[in-house]
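One structure is given here, and the rest of the page talks about it.
Derivation of every value follows stated rules applied to the coordinates shown; laboratory data play no part. Quantities reported herein were computed from a predicted structural model and do not represent experimental measurements. Here the Cβ positions follow ideal geometry from the backbone for every residue, glycine too, while neighbour counts run over all protein chains shown.
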Amino acid sequence: MAYLTQFPAWTKLTEHRQQWFGAQLRDLFQEDESRFEKFSLQLDDFLLDISKHFITEETLSLLLQLANEATLPAWTNKMLAGDKINHTESRAALHIALRNKSKRPMLVDGLDVMPSVNRVLRQMRHFSDAVRTGQLTGFTGKKFTDVVNIGVGGSDLGTAMVCEALDPYASKDINVHFLSNIDGNHFQQITRHLNPETTLFIVASKTFTTQETMVNAETARLWLVNLIGDSQAVTDHFVAISSNIGAATKFGVAKENIFELWDWVGGRFSLWSAIGLPIALYVGMDHFEDFLAGACEMDEHFLTADYRNNLPVMMAMLGVWYINFFDVRAHAVLPYDQQLRGLPAYLCQAEMESNGKGVDRQGKPADYLTSPIVFGDAGTDGQHSFYQLLHQGTQFTTSDFIVAARPSHNMESHHEILISNYFAQTEAFMNGRGENEAIKSLKQQGYDDKMIKSLLPYKIFSGNKPSTSIMYKQLDPKTLGKLIALYEHKIFVQGVIWNINSFDQMGVELGKELARSIQAEIHDEKQVTSHDSSTNGLINYYKKLRGN
Ligand code: F6P
């Protein structure tokens, strides 16, 4: 197969890029009033407006030509067929099976995984119902009031984000907490106000070997046993979600409280599995099933819609357009929704752990850019932090703006202000503010001509910053499922284009290995000399500061 930069569409896109030098987004709208209609895509009430981008129909058709030359349809079929597209770990990437509401069998190694998926879903329903109704209690017979999820990365971020997002659907008598950091402060912050008799711990770890999770889980077990005064309590207060059933059993989790995970589910794509148990406990299994159903609708759309009208494909190819042809290095995710505050952090892992790779599927260095740096925050908080750089800085950044038409609260005036900011920012990014407008504004503020002249350069906004707008009726479980699946497929498509394996994460290993060997060196007072002078110096300075 030809490498990406040798595809005919790559050459054509490189040429096509030339015509965009000096182009102004606002001119595109002046030239064509129907741009919004032409360049917005919809799946039910879920709208993706891509009109504020440097695109014409020709751009899109070249990008889709690139998708076809990179054999996206064949890769999609491979994913769907359970082929081991995660070739470095020899694993399938079949997370769509976890929300498969069609009757389609999903095969891995020739076996349909759907019976196992449905068995675990039933187990989740049974367990979450029993906890929520108080049928299942702690060791001393008290109803559980707090659930602590102990996990990190894909066993934490997605679940935490969804619980916060679906807070309006939550039970009022169960709180969820997410313990991820090995920093002891995190453990203390969370357990400080908890009653061990009413606390349920979920150890969420696909491998059941992740150091942070295992150490936190052991500390939690100790905390529980010490405070309750009986080691038998562990059986009632700990459940595990893992593909390593042996290790979970050894930890002390009762067999019926282990929820199985499979190696064909990547950690950062696992919130649809039993890793989502905190969601089911918090909002109830019916809402969790709605969440899966929403994702399934996005899957069906991704698998069946023609590429020009395909939301994930378009989103992915726009990213490729900017990253590979405009040299864009950073992408902002800006949900105008406090409940989606966790989305940027979740997407940091989903996008950067998946596509932050520099070696292609043939083991050759990629001679083109791959994943950008993904960052963001909830609007309007982000506006008061990093938007200055987005508007007037020297980095060219693309952004996704996300909002619900209807809030989940009844403070209408708040939502009006929030959504006005959402509209205003995308408009400001695109149109900017030219010299004449800036002078007018300064005059209105009462400045004299001399001041106007000196302030003018700082008051100009060049605009011309492309953004995607996402809008839907309400952030209900179904819509949230669609939104996350949209990003998952976007990541998959981009991985295909960049010819990389989006499903391994070798880049996290080196630091982990070094930390383990350094841990063995820091116990005593001996001077460390085995590293470079900076690392030696830092370790020895630490020993000095720490004292005896
Ligand atoms: O950060 C590396 C990683 O392997 C992630 O991919 C994963 O989500 C996380 O660690 C947690 O892994 P586990 O669920 O096995 O504890």
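Report the full-extension gain for the segment Arg17 to Thr207: residue separation times 0.36 nm, less the Cα-Cα distance, to one decimal in nm.
On the way: separation 190, 0.36 × 190 = 68.40 nm, distance 4.50 nm.
Roughly 63.9 nm would be gained on extension.
What's the percent breakdown of Cα-Cα distances in the chain across 10 Å bins, shortest bin first?
In order of increasing distance, the bins hold 3, 16, 25, 24, 18, 10, 3, 0, 0 percent.
How much net charge surrounds Ser469 when only other residues with a Cβ under 9 Å from its Cβ are counted (Lys, Arg +1; Asp, Glu -1)? Can you show the working numbers first?
Details: positive: Lys52; negative: Asp49, Asp400.
Neighbourhood net charge equals -1.
So for the chain, averaging the separation of alpha carbon pairs under 8 Å that are six or more residues apart and normalising by length, what relative contact order in percent results?
Working: 853 pairs, mean separation 101.5, N = 548.
In percent, rounded to a whole number, it is 19.
If each Cα of region 85-203 is one equal point scatterer, what is log10 of I(q)/I(0) from the Debye formula at q = 0.11, 0.14, 0.23 Å⁻¹?
Those come out to -0.52, -0.80, -1.35, one per q.
How would you rank 405-412, 74-81, highest first, on the average number of other Cβ atoms within 10 Å across their residues? If you can, show how the numbers build up before the last one.
Working: 405-412: 12.4, 74-81: 15.8.
My ranking of the peptides, most packed first, is 74-81, 405-412.
Please figure out what share of the DSSP beta bridges in the chain is antiparallel and state it in percent, rounded to the nearest 5. All intermediate terms of the calculation are to be shown ahead of the outcome.
Details: 13 of 47 bridges.
If we restrict to bridges inside the chain, about 30 percent are antiparallel.
Which one of Pro335, Ser408, Leu222 has its Cα pushed farthest toward the positive end of the charge dipole of the chain, where Lys and Arg give +1 and Asp and Glu give -1 at the Cβ?
Leu222
For the chain, take the longest principal axis of its alpha carbons; what is the angle in degrees between that and the long axis of helix 449-459, to the nearest 10 within 0 to 90?
Its long axis makes an angle of about 50 degrees.
About the Cα centre, and with charges only on the beta carbon of Lys, Arg (+1) and Asp, Glu (-1), how big is the dipole of region 119-196? Nearest 20 debye, please.
For region 119-196, the charge dipole is close to 400 debye.
Nearest 10 degrees is fine. How inclined is helix 311-325 to the longest principal axis of the chain, computing both from alpha carbons?
70
Given a cut-off of 24 Å, name the pairs among Lys38/Lys482; Lys443/Lys465; Lys101/Lys357 whose C-alpha atoms lie farther apart than that in the structure shown.
On the way: Lys38/Lys482 22 Å; Lys443/Lys465 27 Å; Lys101/Lys357 33 Å.
From Lys38/Lys482; Lys443/Lys465; Lys101/Lys357, over 24 Å: Lys443/Lys465; Lys101/Lys357.
For Cα pairs less than 8 Å apart in space and 6+ apart in sequence, what is the mean separation divided by the residue count of region 115-236, i.e. the relative contact order in percent? Can you show the working numbers first?
Values: 140 pairs, mean separation 36.8, N = 122.
Relative CO of region 115-236 lands at 30 percent.
Any lysines with Cα under 23 Å of the Lys364 Cα? List them, leaving off those in the same chain fewer than 8 positions away.
Lys364 reaches Lys78, Lys84.
Give me the aspartates and glutamates in straight-line cross-link reach of Lys453: C-alpha distance below 19 Å, same-chain residues under 8 apart excluded.
Lys453 reaches Glu435, Glu437.
Please state the shape class of region 1-49: rounded when a/c is under 1.5, otherwise prolate if a/b exceeds b/c and oblate if not, all from the C-alpha gyration tensor. Don't jump to the answer; show the numbers that get you there.
On the way: a/c = 4.07, a/b = 1.42, b/c = 2.87.
Cα axes put region 1-49 in the oblate bin.
Give me the net charge for the shell around Thr137: Cβ to Cβ below 14 angstrom, other residues only, Lys and Arg +1, Asp and Glu -1.
On the way: positive: Arg132, Lys142, Lys143; negative: Asp129, Asp146, Asp173, Glu197, Asp236.
Within the 14 Å Cβ shell, the charges total -2.
Under Stokes-Einstein, with the Kirkwood radius over Cα pairs standing in for Rh, what whole-number D in µm²/s applies to region 181-269 at 10 °C and 1.306 mPa s? Let's see the in-between values first.
On the way: Rh = 13.5 Å.
Rounded, D is 117 µm²/s.
For Asp448 and Lys143 in the same chain, what is the full-extension length gain: residue separation times 0.36 nm, less their Cα-Cα distance, in nm?
On the way: separation 305, 0.36 × 305 = 109.80 nm, distance 6.98 nm.
Working it through step by step, the gained length comes to 102.8 nm.
Please report how far the C-alpha centroid of region 480-505 lies from that of region 84-116, rounded to the nearest whole angstrom.
Centre-to-centre (Cα) distance: 16 Å.
Hey, got the dipole for the chain? About the Cα centre, +1 on K and R Cβ, -1 on D and E Cβ, debye to the nearest 20? Walk me through the intermediate numbers first.
Details: 50 positive and 63 negative charges, 118 e Å.
Dipole of the chain, to the nearest 20 debye: 560 debye.
Residues with beta-carbon under 14 Å from that of Pro278, excluding Pro278: net charge, scoring Lys, Arg +1 and Asp, Glu -1?
-3
Taking the dipole about the Cα centre of the chain, with the C-beta of Lys and Arg at +1 and of Asp and Glu at -1, give me whichever of Tyr541, Thr398, Ile460 is farthest to the positive side.
Tyr541
Can you give the calculated 222 nm mean residue ellipticity of the chain, where each DSSP H run of n ≥ 4 adds -39,500 (n - 2.57) and the sum is split over every residue, rounded to the nearest 500 deg cm²/dmol?
Numbers: 22 runs with 253 residues, N = 548.
The helix contribution divided over the chain gives -14000 deg cm²/dmol.
Please report Ile452, Ile258 as a ranked list, fewest other C-beta atoms within 10 angstrom at the top and most at the bottom. Could you put the intermediate results ahead of the total?
Numbers: Ile452 17, Ile258 23.
Taking fewest neighbouring Cβ atoms as first place, the list is Ile452, Ile258.
Farthest toward the dipole's positive end in the chain, which of Gln123, Thr304, Met315, given Cβ charges of +1 (Lys, Arg) and -1 (Asp, Glu) about the Cα centre?
Gln123
With everything on Cα atoms, drop me the angle between helix 211-228 and the longest principal axis of the chain, reported from 0 to 90° to the nearest 10.
50
Let me have the relative contact order for region 222-325, percent, based on Cα pairs under 8 Å that are six or more residues apart. Before the final figure, lay out the partial values.
Details: 61 pairs, mean separation 14.2, N = 104.
Contact order relative to length: 14 percent.
Round to the nearest 0.05 the FRET efficiency obtained for Glu521 and Glu218 when R0 = 22 Å and r is the Cβ-Cβ distance. Don't skip to the answer; put the middle values down first.
Values: r = 22 Å, r/R0 = 1.02.
Efficiency at R0 = 22 Å is approximately 0.45.
Taking the Cα centre as origin and putting +1 on Lys and Arg beta-carbons and -1 on Asp and Glu beta-carbons, what dipole magnitude results for region 358-463, to the nearest 20 debye? Kindly include the intermediate steps, with their values, before the conclusion.
On the way: 9 positive and 12 negative charges, 54 e Å.
Using Cβ point charges on Lys, Arg, Asp and Glu, region 358-463 gives about 260 debye.
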